[in-house]
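Have a look at the structure below, then the notes.
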Amino acid sequence: MSIRALWVVSQEKGEPGKLGIFPETVLHATSCRMHTHGQDRPKPYVEVRDDYARQHRSPAVELRLDGPGGRTLWPLLTVTQGALILACLPLVEAPPEPRPPLPSLASVSQGLALLSGLQDFLCGPGGKPEPDVLASRLAALPSVLLQVCPLGRPLDTPPPAGSVPAAVAPSPGGAQKQPAWKAGVHRGRAVVSVALTEKVRSMQYGKSSVLPNVTVTLTLPPNGSPLQDILVHPCVTSLDASILTACSVDENDCSAFSGPYKFPFSPPLELFRLCSYTSQVPVPPILGSYQLKAEENHLKANVVLKLHESVKNSFEYCEAHIPFFNQNLMGSVEVKVSSGQLEVSKEKSLLVWVLGQKFPKSREAALEGTVHFSGTVAGPTDPLCTGLTAYIKLYFRVADLTLSGCCVDQHSVQVYSSAKPRIVTTRELVSSEYYIWNSTGDAPVSSGAVTASH
Amino acid sequence: MEHPTILCPSASVGEETALELLSVFSHTPQKSIVLKCNVMLAITNVIICTSCLNTHTKTAEDWLDLCGLSQQPIRATACDCLREMETCSPGLLSQKLEALYLLKQQETTVLHQSYCLLYTLGLKNAIRILTNQKDVTDLEFKSILGGNEGFAWKSNQLELTSLPINMLVQVPRLTQGLDCKELKSIMSLLLEESYLLMPISQSALLRELVEVVAMVPGLSRTLFKSQLLRLFGTADVSLMHATLFMKDTFTDSLFTTVDENFLLKRLVGMAQHPLLRITEKLFYMECILHFPENRPISSSGEESLPVLVTPRRAAFLHPTVFNDSATMLCRLNLLCLVHLEANEGEADKGIGFLFDHIMALLKIVDNDGSREVVVTSLRALFIFLMHFSGMEELSEKLIDKLCDMYSRHSRLAPNLIDPVWSVKLLRGLQKRIMEMPPLQLTIHNLSWHLKVLKRVAKEGQITQRNTIYLLLNVLINSNLCERGNWQVGNAVLAVYRNLLDHPSIDQVFIELADLLQYISIQYDDTDIKDHARIYYTLLTNLSWEKLTGVLAKRLDGGRAKERSHSAIMAESEEIAKSVEATGEVRNWLEVYQGQFQTPGFGSEVTLRYNLTHAKETDPLFDKVFTICLHFELKDSNYAKVTDIHVPCVFRDRKSPEVKVKLKPFQPYPTSLCVSAMFTMQDGRSWHSRLPDVSVSFPEIFLPLPLPPNSSRECREQVFERIWEATASGNSDKSAISLFCFKPEDKSLADLIKTHFQGYLITDQQSERSWKVLLFLPPKCHILLKITQAEDAAQVSIATDNRELLPFPVSCRVSSALLKEKSTKALNN
């Protein structure tokens, strides 16, 4: 269970950066070079890259080495984030031939976990760190690796970037063991803050102790559909079987259990994701219809958005983006909206309909008008959105609401601790991939289910 | 730290280095904790990598002492180091388990994780060692847990390659009936506290514990029961993986059918969970395809679908056009397997859905998708066909679609002429190209079409008449011939090359000949004309059998080494070499020597000759065809020389070059008997003996075989390393010699330039010194260091094959009579 080598490669410079090779697991240390196919001159077809023989669907790729014999390194795990490629080579504790299946190699999941951690460490929650921030994080990486992966043996994942180390007092000792994921005792005011965020994805197309223990309970409204695919943080001490039974995989999930979902845990010092779930919601919060027609030399658009009655009509923000692909840049735009404002993007290829904080009383907003594409400059292209295949993408956030109805009652949070913590609970609904496709054009094939996830 | 074996090439050096570092460690002030930790890691690294763990016993004792009393980070590092030592030398700590257990118990800070992992590893290895022993008594078994004697340095060691149990054919087991009470309570405690560990460490701990339970029959598998539910719900990939390892090891002795069903359901759910990362989801899909079921497992390691994954269950894993390419291909592959297993009605619907998906992908390609989209979509089609109809049964609809796409985007040619596609598609493509209006044939897409036609011409089942008509049409009705573009001409000839090989050549013989003649006269490029003429001659003078023979030889013979024959040879792939970026210092000698692992590397000497007519012969022999040169060896120092085929020799034309490839076992001078068989214009065959070819010693000299773009530093480094190795006298075959002489009328520099130009490693005229390396296949070297002293030249000679010295290189230097490789005339 070891990692043989770890690379952080920046695609921008084209220069690979190598961070660590752990030789005692390599025994015969192999130096290797990474091929980066230059972005500036993409070759239409390169056999080693584009042929059919190899499997290109596994999380592990093989890295060909220069030099005689064309030796390869496998399994190379990679994560790409922006211009960064993170890669590591787990140790294969098996005869190399025939190549063992990935799941039989213990180091693979450890490598995946390490890469995920590394990604969080280098890039932080935003995913796009400033170059100097990234450089300083890269500089700190060797010492971090020394802690979390000494001698190539992963013990932990690097701490996420931007996580502020809480004020920590050394553990007072005693018979009780300190969890490895909690370096000391929290100092300062104890707070239990439970934030519930549901991300709604939608595809629409149509003609229609010493250790404090905390227990957080999620509850659903009486007729709520059960929370599915629950994944919990490792600090959760025990789980009830009934919590895990519901699963989106079963089409007719008839499990009667619909809460309360109890999660007893002992909190680490930093913010963490206690659990995540998915939920099937029969109706989307905003039902939309989008009709785009081609008329002579312009497009005629007609959009209606309807807010579902169960959704609170109070947004932090709500915008509809209407992009146009494979057209010239927009000329004159004669579009009227019944609510909010319409903006034409600087790039002249996108209409932004700012609906603001509220839908009108009727809970319905409409957009109608024509768009001319007069210029000679070609706009952005997209192989999917050709002809009348087009979409609207919605961006919104509603505070104090969940689609599944799931909530955490402030009084239901039980804390067994000498300190009396303040308990804060919040919830919100955020759009994730929220598309409404033009119903007069072809729809790209997709399985269209609405899920909400936390 | 990273390359200890480079700095410490031997165990003794390793040991010295470790001792030095140890003294650095002891002199480092207490507060420099990070430095101390780094030094500890370095020492451990050196000891393990130079394999002197067995002799260098003290370090482990030091580390163990440090585990007991020192600052936190140093204790943690000491544990990490010991764990690494135990891993690389299993059983090392097997007699120290009691001490380790106490340390683990006493530790209440976060460090207990390190102690816990160290102890568990030691415990597992100790038990593993015991399984090799027959008839273990209760006492022996107990003594492991209570052992506190010393380090087991040499005895009891498992082989370094001890594999995890899931890689073994048979799990090693202890004898039945041992008293496991104590071990059981230890195990329970470890499990109970496992949740206190970091997830990755937890997964490592669980794996060790699973191995222990698997090896000790007295321990019940149900020990893990209490942990299962927690593990089933985990969001951590390494913990879930460890759970699958448990499933793999214990199957139905721990997992009920309900558990199994549940676990699989979770896996399918996680393979598409919106909050997991793409790589994790891909990994879970792999796990589904290798799911250890509660039934006899096929140990082949092949992908297979668990019975419980039904179409309904996998519905959410249907690929969509919004997926990234790896996810899409992975899902598609999985779904194909699902529908293969499904009952008919369900399967038809599912396959229909997948087919629609493929068509949607192709539509995106058609809409000018990027390169990645093209490749992904065609791969998806490939996966689909592999599962359902096989590549042969490509449906009409698909062929039409692909051909339509091709007529719009001829840049797809390289993707579509891949050997995976069936003849039907190629036939379709040929038809499409024929039907294209002439206006669409631009230089740019013509080169793609020629690529396709070249591939089509390889198919014996496809008639080629249309191809020839098209080419004729294009050449006659366009200005191609006047423009005389070499690349286009070459691409056209590449099609002919394959056409000449085609079994139905008889049917199109006349047209083909017309065409070749047309090119050989009209095409405005001499090289193309020449080649067309050769083809014409071959076509009109040889039977098909002979023709294919000649073409085949050409192909095998000089595969992609010489660009000058590109019209005859299959297009060389070297043009498509990828861009590479590097910035590393490398050990060039290793690189150099590594090259020899490639079979046949640097083993050949190519001698070039011209094949011409002897001065006076019968005019009857002025034109000879299909010459086959045969070589006989006179000694056993060389491998058999393959026959050489030459299409024709005309007295009034340029004589063809013949390359004789010699493969020496011993690089000594030799001579070859040569005979020739050839055909006359009138069809009669002749056999004739040619003068012997003598191969002199200098003719088998080659320059140092390194990649052509190798730097001077690299060549110098290799030279110096070989020199050192030779001079060290380690090998009984190596020899060193010194020779002095006085250069006469010419200057030394000129002499060297004349005779060793191609073999110079360094040329420091200002310092009056030169280095020369002569490489002799298969792997001999003669190294010369030449310096100009006041009145004489000094030549130091080193060689790794003493037996070469009798062939006097020194004399050659002094007399400067190295003959140039001469072009010899072979008399016909």
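Here are the numbers for this structure:
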item	result
Those strands (runs of 3 or more DSSP E) lying entirely in region A:278-337 with at least 3 residues buried (at least 20 other Cβ atoms within 10 Å of the Cβ)	A:286-295, A:298-307, A:317-323
Considering residues of region A:424-454 that are part of a loop (DSSP other than H, G, I, E, B) and modelled with pLDDT of 85 or more only, the residue surrounded by the most Cβ atoms within 10 Å (Cβ to Cβ)	A:Ser439
Checking A:Gly20 against (1) modelled with pLDDT under 65; (2) closer than 21 Å to B:Asp248 by Cβ, the condition it does not meet	(2)
Residues within region A:193-212 that are closer than 21 Å to A:Ala419 by Cα and at pLDDT below 75, tallied	4
Which numbered condition A:Phe257 misses (of (1) closer than 30 Å to A:Ala419 by Cα; (2) aromatic (Phe, Trp, Tyr); (3) touching a helix residue (DSSP H, G or I) at 6+ places or on another chain (Cβ under 8 Å))	(1)
Members of region B:389-407 that are over 15 Å from B:Arg371 (Cα atoms), surrounded by 14 or more Cβ atoms within 10 Å (Cβ to Cβ) and modelled with pLDDT of 85 or more	B:Leu398, B:Ile399, B:Lys401, B:Leu402, B:Cys403, B:Asp404, B:Ser407
Residue that is farthest from the other protein chains (Cβ to nearest Cβ), among those in region A:222-235 that are at pLDDT 80 or above and more than 14 Å from A:Thr278 (Cβ to Cβ)	A:Cys235
Options B:Arg371, B:Arg312: the member that is of a type in the set (Lys, Arg), surrounded by fewer than 21 Cβ atoms within 10 Å (Cβ to Cβ), modelled with pLDDT under 90 and within 34 Å of the chain's Cα centre (by Cα)	B:Arg371
Among residues of region B:69-90, those that are modelled with pLDDT under 85 and of a type in the set (Gly, Ala, Ser), counted	2
Close pairs from region A:180-194: first within 11 Å of chain B (Cβ to nearest Cβ), partner of a type in the set (Ser, Thr, Tyr), Cβ under 7 Å, at least 6 apart	A:Ala180/B:Ser201; A:Gly184/A:Ser171
B:Ser370 closer than 30 Å to B:Ile417 by Cα, at the interface with another protein chain (Cβ under 9 Å from one of its Cβ atoms) and of a type in the set (Gly, Ala, Ser)	yes
Test: residue in region B:207-215 that is over 20 Å from B:Arg277 (Cβ atoms), part of a helix (DSSP H, G or I) and of a type in the set (Asp, Glu)	yes
Among the residues listed as B:Lys661, B:Lys640, B:Lys615, B:Lys654, the single one being in a strand (DSSP E or B) and among the charged types (D, E, K, R)	B:Lys661
Check on B:Ser377, among the hydroxyl-bearing types (Ser, Thr, Tyr), on the phi < 0 side of the Ramachandran plot and surrounded by fewer than 21 Cβ atoms within 10 Å (Cβ to Cβ)	no
Which listed residue is surrounded by fewer than 15 Cβ atoms within 10 Å (Cβ to Cβ), among the polar types (S, T, N, Q) and modelled with pLDDT under 80, from B:Thr617, B:Thr606, B:Thr540, B:Thr526	B:Thr617
Restricting region B:172-202 to residues that are of a type in the set (Ser, Thr, Tyr) and out of contact with any Pro (no Cβ under 9 Å at 6 or more places or on another chain), the residue that is farthest from the other protein chains (Cβ to nearest Cβ)	B:Ser185
Of residues in region B:408-449 being within 13 Å of another protein chain (Cβ to nearest Cβ) and of a type in the set (Val, Ile, Thr), the one surrounded by the most Cβ atoms within 10 Å (Cβ to Cβ)	B:Ile417
Selection within region A:383-395 - more than 13 Å from chain B (Cβ to nearest Cβ) and surrounded by fewer than 20 Cβ atoms within 10 Å (Cβ to Cβ)	A:Tyr395
Elements of type strands (runs of 3 or more DSSP E) in region A:345-423, at least 1 residues being touching a Cys at 6+ places or on another chain (Cβ under 9 Å) and charged (D, E, K, R)	A:391-399
Residue pairs meeting the criteria (Cβ under 6 Å; at least 6 apart or on separate chains; first within 12 Å of another protein chain (Cβ to nearest Cβ) and within 23 Å of B:Ala271 (Cα to Cα), in region B:288-306; second surrounded by 15 or more Cβ atoms within 10 Å (Cβ to Cβ) and modelled with pLDDT of 80 or more)	B:Ile288/B:Leu267; B:His290/A:Pro101; B:His290/A:Pro103; B:Phe291/B:Pro306; B:Pro292/B:Lys247; B:Pro292/B:Asp248; B:Gly301/A:Pro101; B:Glu303/B:Leu289
Tally of residues being within 43 Å of the chain's Cα centre (by Cα) and either at positive phi or buried (at least 21 other Cβ atoms within 10 Å of the Cβ) (or both) across region B:60-85	13
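The values are calculated or read from the model by the stated rules, or taken from the named source; none is laboratory data. What you are looking at is a predicted structure, and each value in this text was computed from that prediction instead of being measured. Heads up, the Cβs are rebuilt from the backbone with ideal geometry, glycines too, and the neighbour counts pull from every protein chain shown.
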